[in-house]
Amino acid sequence: MIVIADDLDRDARNNAESGISSSQTAILVFVPLFLLIGLSTLLYISSSVVRRLKTLTTSVEQIGEHFVPSEEVMRESGGHMDEVDVLVEKTRIVNNKLNDWEQELHEKNEELIRSKKLAAIGTLASGVAHELNNPINNITISAQVLQRKIAGDAPPEVTQIVDEIIGQTLRVKGIVSNLLEFAREREPQLSTVQLPEVVRNAYEQVIRSTDTMDVEFTLDTRDEISIRADAGQLERVFINLFSNAVAVMEGKGRLTVKMEEEDGSVVIWVSDTGKGLSREDQEKIFDPFFTRREKGTGLGLAIVMNIIRQHGGGITVVSEKGMGTVFEIHLPKGAD
Amino acid sequence: MTFRVLVAEDEEIARKHILDTLEAEGYEVEGADNGLDALREIEADEFDLLIADIKMPKMDGLELLERVRQVSPGTKVIVVTGYGSINSAVTAMKEGAYDYLPKPFDLDELVLKINKARERKSL
């Protein structure tokens, strides 16, 4: 019995040992194998992901400009950025760029619409003005003939009415002249002009046609500021701005012109102590035919805007109701 | 001494009033309502002065000026331009016009210019 039991036990031990030995062999073979396969797969997947991320990053980089991480971003990342950080940062930059471009595109589009609208109005204005020439001429001549015929014989009210007709035709002549000036958009004839001199001449012209007794005019500048510009057109700019200022101040207040040279350009401020402009009016102030005056044609500032733009400059308005108005003009000095 | 003036203007009202006014000032006057008729008048007859509107049917004022300079060099030409058409006025003066007048014009100014032309002739 005991011998049989010992035999069975030995067999069992042998079997167990052989099983353990097989298992050990299997472990020794398969674990490194699986580890190798696992690591290879992991390496393959990660390199594939990184490669794809790099491709994506390059594409994003190509869409945007060359990427330079900002100091702030570098600080936040502790001086090291992995592929995902880089991609996130690049996407953010590209997104910002796209927003900027969208804004720029929107502004350019607005500008294009405005210039197309102005061109259409210009064509219309020019056509109307030329067509009006003959009828106005006929009315003027007829009224003058009537004035000659009744001279000394007609009752005073008749003479007065005829004078009024002639006066009104002169007014229409002024409107037609403004329309043509607005529509003409002729190229500036550039020469070297002394800005302070142009400003003084313009104000002298305004004095001749408007009551400026109670207007205090100041020109704040050093003596010599010269730019390349069309002297006649620039004078028109200041005549229009000054006439407007005197009108909104109802002939009483301070009109100040200040000018300074900046790198390659001149900045001019024309300020009045008038009633000022509401926000809505400020947006429309340079639109043709927009006027706040009963007898205005609404072309003065549209002409100003056209001339300034043709000189490669810009004009903006800053105003507040009751606080007066300041026009800021930027003009390139141009090559001497 | 007579001073003969031809008024070439297609606007009837303006033409009539200019003719009446000049006649009252003692000028001998004729009218034409287009450039071509004005040229025919000048070819057929002698005129001291031509008042020519720039914009006219059949032949415009600038062409009329050019032709008149050829067929009747002694005739002075005053060109009437539309308001703001300073370029056509400059062209006309270069082409040999005696003077120009922008529309709408003052009758007194027109008479003054013609009086001056007559004084020059009599000198």
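The values are calculated or read from the model by the stated rules, or taken from the named source; none is laboratory data. As the structure is a computational prediction, the values presented were derived from the model and not from experiment. Glycine also receives a Cβ, built like all others from the backbone with ideal geometry; neighbour counts cover every protein chain displayed. These accessible areas exclude ligands, DNA and RNA; they are computed on the full protein's heavy atoms, side chains included. Shrake-Rupley method; radii C 1.70, N 1.55, O 1.52, S 1.80 Å.
General observations
- Paramagnetic reach from A:Leu53 (point 7 Å along Cα→Cβ, amide N under 12 Å) across the stretch A:83-118: A:83-89
- Radius 12 Å from Cβ of A:Ser47, net charge of other residues (Lys, Arg +1; Asp, Glu -1): +2
- Over chain A: helical MRE at 222 nm, DSSP H runs n ≥ 4 each giving -39500 (n - 2.57), nearest 500: -23000 deg cm²/dmol
- Relative protection proxy for A:305-313, A:191-199, from highest mean packing down: A:305-313, A:191-199 (other beta-carbon atoms within 10 angstrom).
- Between the residues A:Ile37, A:Leu53, A:Gln24, the greatest Cα displacement towards the positive end of the dipole of the stretch A:1-56, with unit charges on the Cβ of Lys, Arg, Asp and Glu, is found for A:Leu53.
- Sulfur and carbon atoms: percent of accessible area, the stretch A:191-332 [1.4 Å]: 44 percent
- Relative contact order (percent, whole number), chain A, Cα cutoff 8 Å, 6+ residue spacing: 12 percent
- A simple count of charges around B:Asp33, restricted to other residues whose Cβ falls under 14 Å of its Cβ and scoring Lys, Arg +1 and Asp, Glu -1, yields -4.
- Listed values for the stretch B:27-40 are Karplus-derived 3J(HN,Hα) couplings in whole Hz (6.51 cos²θ - 1.76 cosθ + 1.60, θ = phi - 60°), namely 8, 8, 10, 9, x, 9, 9, 7, x, 5, 4, 4, 4, 4, and x replaces Gly and Pro.
- A Cβ-based charge dipole, computed about the Cα centre of the protein assembly as shown with Lys and Arg at +1 and Asp and Glu at -1, lands at about 420 debye.
- Charge dipole (Cα centre; +1 on Lys/Arg Cβ, -1 on Asp/Glu Cβ; no other charges) of the stretch A:125-189 amounts to roughly 140 debye.
- Inter-site label distance for A:Arg200 and A:Thr123 at 7 Å from Cα along Cβ, in nm: 4.5 nm
- Members of the stretch A:120-158 that become less accessible by 50 Å² or more once partner protein chains are added (1.4 angstrom probe, chain alone as reference): A:Asn133, A:Asn134, A:Asn137, A:Asn138, A:Ile141, A:Gln144, A:Arg148
- Förster radius 60 Å - calculated FRET efficiency between A:Asp85 and A:Arg10 (Cβ-Cβ, nearest 0.05): 0.35
- Between A:Phe238, A:Phe34, A:Phe286, the residue with the greatest mean-square fluctuation in the GNM of chain A (Cα pairs under 10 Å linked by springs) is A:Phe34.
- Expressed to the nearest 5 percent, the antiparallel share of DSSP beta bridges inside the protein assembly as shown is 50 percent.
- Solvent exposure of the stretch A:106-209 as accessible area per residue, Å², 1.4 Å probe: 61 Å²
- Tensor-based shape of the stretch A:266-336 (alpha-carbon gyration tensor, a/c under 1.5 rounded, otherwise prolate or oblate): oblate
- Chain B and chain A together bury an accessible surface of about 1700 square angstrom, both sides counted, with a 1.4 Å probe and no ligands or nucleic acids included.
- Applying a DSSP loop filter and a limit of 14 other Cβ atoms within 10 Å to the GluC sites (Glu not before Pro) in the stretch A:227-336 leaves A:Glu250, A:Glu294, A:Glu320.
- Cα gyration tensor, the stretch B:1-46 - rounded (a/c under 1.5), prolate or oblate: oblate
- For the stretch B:91-97, putting each phi into the Karplus relation 6.51 cos²θ - 1.76 cosθ + 1.60 with θ = phi - 60° gives couplings of 4, 4, 5, 5, 7, x, 5 Hz, in residue order, rounded to whole numbers and with x for Gly and Pro.
- In the stretch A:114-184, the portion of solvent-accessible area held by carbon and sulfur atoms comes to 64 percent [1.4 Å probe, whole percent, DNA, RNA and ligands not counted].
- With the charge dipole of the protein assembly as shown set up from +1 on Lys and Arg Cβ and -1 on Asp and Glu Cβ about the Cα centre, the Cα lying farthest toward the positive end among the listed residues A:Val318, A:Asn201, A:Ala129 is that of A:Ala129.
- Spacing of the two label points (7 Å from each Cα toward its C-beta) at B:Lys116 and A:Glu157, in nm: 4.1 nm
- Normalised alpha carbon radius of gyration of chain A [divisor 2.2 N^0.38 Å]: 2.07
- Surface calculation, 1.4 Å probe, protein heavy atoms: A:Met249 sits at approximately 10 Å² accessible.
- Estimated distance in nm for a label pair at A:Glu110 and A:Leu28, the labels positioned 7 Å out from Cα along Cα-to-Cβ: 8.1 nm
- Per residue of peptide B:104-111, the mean number of Cβ atoms on other chains within 10 Å of the residue Cβ is 5.
- The stretch A:199-336 - charge dipole about Cα centre, Lys and Arg +1 at Cβ, Asp and Glu -1, debye rounded to 20: 440 debye
- Think of it as helices only: each DSSP H run of n ≥ 4 in chain B is worth -39500 (n - 2.57), and spread over all residues that comes to -15000 deg cm²/dmol at 222 nm.
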